[in-house]
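Here's the structure, in C-alpha cells; my notes come after.
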Amino acid sequence: MAVEAFFAARRRISIPFMLAAIAGLVALLPLLGVITTALFGETADIAARDIFRYAATSAWLALFVGGATAVLGTLAAWLIVMHRFPGSDIFAWALALPLAVPAFALAYAYTDLFDVAGPLRMTMRGNMGFDLPFGMRGLGGAVFVLSFAFYPYVYLAMRAAFLNQSVNVTEAARTLGCDGWLALYRVALPMARPALAAGVALAVMETLADYGAVQFLNVQTLTTGIVRAWSVYGSTVSAARLALPLLATAALLLWIERRGRPGRLHEAGNARWRTLPVKNLSGRRAWLASAFCLLLITAGLLLPVGWLLFNALDTSPDWTRLLRAGSHSLMLGIMGSAVTVALATMLALGTRRLPMAARLASLGYATPGAVMAIGLLVPAGIIWNLMPDSGYIIAIALLIYAYAARLMAAALEPIDAGLTRVTPSMIHAARSLGRSETSSALAVELPVARGAMLTASLIVFIDVLKELPATLILRPFDFDTLAVVANNYALDERLEQAGTPSILIILLSLPAVIWLTRKIAFSRPGT
Amino acid sequence: MTVPSLTARDVSRIYENRNAVANATLKLHAGRITCLLGPSGCGKSTLLRLVAGLEPVDSGEIEIGGTIVSAPGKTVAPEDRGIGLVFQDFALFPHLSVADNIGFGLKNLPASQRRERVMTLLAQFHLEALADKWPHTLSGGEQQRVAIARALARSPSVLLLDEPFSGLDGHLRATVRQSVLADLRTTGTAVLIVTHDPEEAMLIADELALMAGGRILQTGSPPECYLRPVSIEAARLLGEATILPVRISGGVANTPFGIIPAPEMPDGEANAMIRPEALRFDMAGVPVKVVDVRFGGAFQTVTLAAQDLMITARMSGTSLPEVGAQICVSLDPARTVIYPS
C-alpha cells in the first residue's frame, strides 16, 4: 500500500510511466482492430447461424475440457503434495512436461493410433474380435486430446495452492472432528477453489485458442472458423465477427482468473507457515497413485510422442524444408521472447505507476492468437498499401507483434513476482543516494529481476514454438515454421511426415520446460 | 549555537482533510543527534518523508544548507537534497555486495576514489571483513551498519533514520545502538532519528522533539523535556506520570502525597504531574497506604492510596513494604510539575 501511496502522490509523466503506457497500448491495438472491424466492416459472408454453431461447439469443448482438466489436475496435485509414493519426487515436476507437447501433435498421434485402419484397432479386431466404439475425429476426441494437453495448467495452480496452505488450518479441522478425507473436502479444497478456477480458466483459454488440434479432428470451433473465414473466404470482417464472442469470453475468463489470484479471499495469510504433513502411501494405494501419475504422463507425453517418433523413423523427412522451418521457428522464438520480455519488463517497472496497462496486457493473454492476428490485419493492410515492397519484414514484425501482444501477460507474471523483492524503501534509498526514478529502475529493479526475465523469456519461447493460428494468418508468403510444416503435412493426411516437425518442436522446447517445471516444483513459499 | 544544517519551518502536510503534520518546526544541527519521538500515527514518519523530499509540503518550508528544498509547489527531488536515509528494514540491495551497496551512491566518482571512499566507510563502521558478503548473509546489526555507511557515502549534511533500531532484538539492540551512535557522532553529520520508544530517545538524543497529533509539542534536551514538559500531553510521551487535581494556596500545592512548591502560581485549582520516582520514603512525610507492591529488580513499583486517590510510585531499596501497611512519603519537587487547569 505504501508503494501505491508513494507513486500516487507523485504520479507524473516519467520515463517508466511512458514505457508502461506504450506496452499497454501494444496489447490494446489488435483488440481495437478486431472490434472496429467487426462493428464497422462491410457485410460479412458468414451467417449468424454459423457463428452460433461454432460458438456452441467451442462452449461444449470448453466445458468438457475444463471439467476433465479440473479433475485430473486436482487429483494429481493432491497426490503429489500430500503423499509419498514410488516416483513421487520425479512425478512432481514430470507431470508438467506435457506443456512441451503442442496439442496438435497429440491429435496427430492419437488419430493415427486409434484410426479404424490403425495398428491398435487392427490388432484388436484381429486378435480379440472386438472394436473400439469410437474414433478420435469429433468432439469426444478433441476433449480427450486437449484434456491431456492442458491438465498441467490446473496441476501447477493446485499444487501451488496446496503447498501454500497452512497446516494449522487442516489441523484445526481435524481437531474439530473431520477425518483426513473430510478435511480435504471441507477445508483444503474450498481454500484452493480460487486456484482451481484460475487453473481451469487457463486451460479453457488455451482450449478456445487452439487451432491445430481441433482443425485436424474436424471440430468446428470459433477459432477454426476465424482461420477458415480468413484463409478460405478471405473475409477479415467474418473473421472479426467470429472473434468477438471469443474476445468477450476471454475477458470473462480473465476476470475469473484474476479473482483466483493468491492474496484474495482464501489465502492462508501470514500465519506461521509449516509444510503440510506428508502421508506415506504403501502397498496397493501407493501403486495406484504411481499408476495414475504415470498414466497422465504417458497419455500426455510418452505414448503420443513415442508413436510419432516410431512412425517418423520409417520416413525419410525433407530435411532441407525442416531445417529452414526450424531456423524460422528458432528465429521467431528468440526474437519473440526478446521483444515480449522487453515489453513485459517495461510494463512491470511501470505497473505501480499505471496499473491499467497490466490489465490490458492480461486481456491480450486471454485472447486467442487467431483473434490477435485478425486484429492486426487492419493496421497491416494499411502498411502494406503504403509500402508494398516491404512485405516480408512487415509480416515478420507483425507476427512478433502478435506474439508479444498475446504473451506479454504471461511474461509479466514472473517478472512482477521477481520485482516484489524490491521493497519501496529500496527505491527510496536509491533515490536518496542520488539516482533519478529511471536510473534507480535500471540500477536496482532490473538487476534484481534478471532471473525472472530469463524465466519469462523461456515461457514465451515455448509458446511461440507451439503457436499456429496467428503464424498461419500473418506469416510472409512461403515462410514456414515447424508448426506450420506439421500442420500442412497433417492436412494432406501425411501423418508420419507430420511427426518429425512435431518432435523437433518438442525437442527444442523440452529443455526449457524441464528447467521451468523443476524450478516451479522445487520452489516453496517464502523462497 | 551554530547555523542549523536543516530547518523545517511551519511545515504541514494534509491527507484527505486530515493534518498529518501541522505547522511543525524543527532544527537539526551538525554533529548532533535529534530524536523525533511520538506514538505511532502521530505524523513523525510523514515529517521524515517531508524532510527527505519523498512527499511535498502543503505549507511551510524546509531549508538545507541555506537552500529552500521544500515549499508549496516546490520539492527538490530526494536525490538532489544532500540527505542520507536509513530505513527501518535497511533496504539493502539484494543483488549487490556490501561494498557495492556502500558505493552505490558514488557513481559519479572515478573508480579509484570510489574504492577509497568505500574502504574508509568500511573501516569507520567496522565492516572490512564483510566487504564481499551478500546482504542476506549478514546479521541485523551488520545490515544496519551497512545501511548507515551507504547513506553516509555521499557525505550528506543530514542523515535521517526511520525507527532504525526497531528491527533488532532486545539484547543486541542496546549494544548495536551504542556502537552505531558512537560511530555516527564521529562523522559530524546532523542526525534525525525517528522513534516511538521514549527510553531509547532519551538515551541517544542530544535534542528531543516530542510529537503528537501532527504537532511538535516541545523541543529540548532530554532532561529538559522529561523534567519540565510543557504540557501534560508532552509529559506522558516520555514516561509514566500521575496527574492529580490540586489546590494552590500561598505558592504551595497540597496533595495527599506531599506538598509541591509552586512559587509563581496564583492561588486556585491546578493539576500536578507527578513522575513515579518523585515519591520517596520519608519519615517526616505524609502517611499513605500501600495497595500493591511489584518487585521490579532495580526498583519496586508500589501503588499507594490516600484520600480516595491512587498513585504509582517507583521506589528503590530492597526492603519491600507490605500490602496494607502504612508508610510515610514525600515528593521530590524536581520530578513534579504544576500546570494551570
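The values are calculated or read from the model by the stated rules, or taken from the named source; none is laboratory data. All of these numbers come straight from a predicted model, not from anything done at the bench. Here Cβ is always computed from backbone atoms with ideal geometry, including for glycine, and neighbour counts include all displayed protein chains.
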Residue count, the range B:58-79 (criterion: within 12 Å of chain A (Cβ to nearest Cβ) and either within 21 Å of residue A:427 (Cα to Cα) or outside any loop (DSSP other than H, G, I, E, B) (or both)) = 5
Could you check how many residues of the range B:225-239 are out of contact with any Leu (no Cβ under 8 Å at 6 or more places or on another chain) and either modelled with pLDDT of 90 or more or part of a helix (DSSP H, G or I) (or both)?
-> 5
Which one is nearest to residue B:244 (Cα to Cα), of the residues in the range B:257-313 that are part of a strand (DSSP E or B) and either of a type in the set (D, E, K, R) or not assigned by TED's automatic domain parsing to the domain that holds residue B:325 (or both)?
-> B:269
Can you pull out the residues in the range A:432-459 that are in contact (Cβ under 8 Å) with a residue 12 or more places away in the chain and more than 26 Å from the chain's Cα centre (by Cα)?
-> A:437, A:438, A:440, A:441, A:443, A:444, A:445
What are the pairs, 6+ residues apart or on separate chains, where a residue within the range B:103-115 that is assigned by TED's automatic domain parsing to the domain that holds residue B:154 has its Cβ under 7 Å from a residue that is of a type in the set (Phe, Trp, Tyr) and at pLDDT 85 or above?
-> B:104/B:93
Collect the residues in the range B:29-56 that are in a loop (DSSP other than H, G, I, E, B) and farther than 16 Å from residue B:158 by Cβ, keeping them in residue-number order.
-> B:38, B:39, B:40, B:41, B:42, B:43, B:55, B:56
Residue among B:129, B:201, B:147 that is within 14 Å of chain A (Cβ to nearest Cβ) and small (Gly, Ala, Ser) | B:147
Quick one: which residue in A:434, A:451 is surrounded by fewer than 24 Cβ atoms within 10 Å (Cβ to Cβ), within 14 Å of chain B (Cβ to nearest Cβ) and touching a Gly at 6+ places or on another chain (Cβ under 6 Å)?
-> A:434
Being of a type outside the set (S, T, N, Q), under 21 Å from residue B:224 (Cα atoms) and surrounded by fewer than 16 Cβ atoms within 10 Å (Cβ to Cβ), is that true of even one residue in the range B:36-58?
-> yes
Positions within the range B:82-95 being facing another protein chain (nearest Cβ under 8 Å) and either without any contact (Cβ under 8 Å) to a residue 40 or more places away in the chain or over 17 Å from residue A:425 (Cα atoms) (or both), in sequence order | B:95
Boolean, residue A:92 is within 30 Å of residue A:501 (Cβ to Cβ) and in a helix (DSSP H, G or I) | no
Contact list, first residue from the range A:116-127 and assigned by TED's automatic domain parsing to the domain that holds residue A:304, second anywhere and part of a helix (DSSP H, G or I), beta-carbon distance below 8 Å, six or more apart or interchain, is A:118/A:112; A:119/A:113; A:120/A:113
Sort out which residues of the range B:132-144 are of a type in the set (D, E, K, R) and either surrounded by fewer than 20 Cβ atoms within 10 Å (Cβ to Cβ) or within 14 Å of chain A (Cβ to nearest Cβ) (or both), and write them in order of number.
-> B:132, B:133
Among the numbered criteria (1) out of contact with any Ser or Thr (no Cβ under 7 Å at 6 or more places or on another chain); (2) over 27 Å from residue A:519 (Cβ atoms); (3) touching a residue at least 12 places away in the same chain (Cβ under 8 Å), which single criterion is violated by residue A:405?
-> (2)
Within the range A:412-431, which residues are polar (S, T, N, Q) and more than 8 Å from chain B (Cβ to nearest Cβ)?
-> A:420
Can you tell which of A:514, A:462 is within 30 Å of residue A:381 (Cα to Cα) and in contact (Cβ under 8 Å) with a residue 40 or more places away in the chain?
-> A:462
Give just the number: which of (1) in contact with a helix residue (DSSP H, G or I) (Cβ under 7 Å, 6 or more places away or on another chain); (2) under 28 Å from residue A:439 (Cα atoms); (3) modelled with pLDDT of 90 or more does residue B:8 not satisfy?
-> (2)
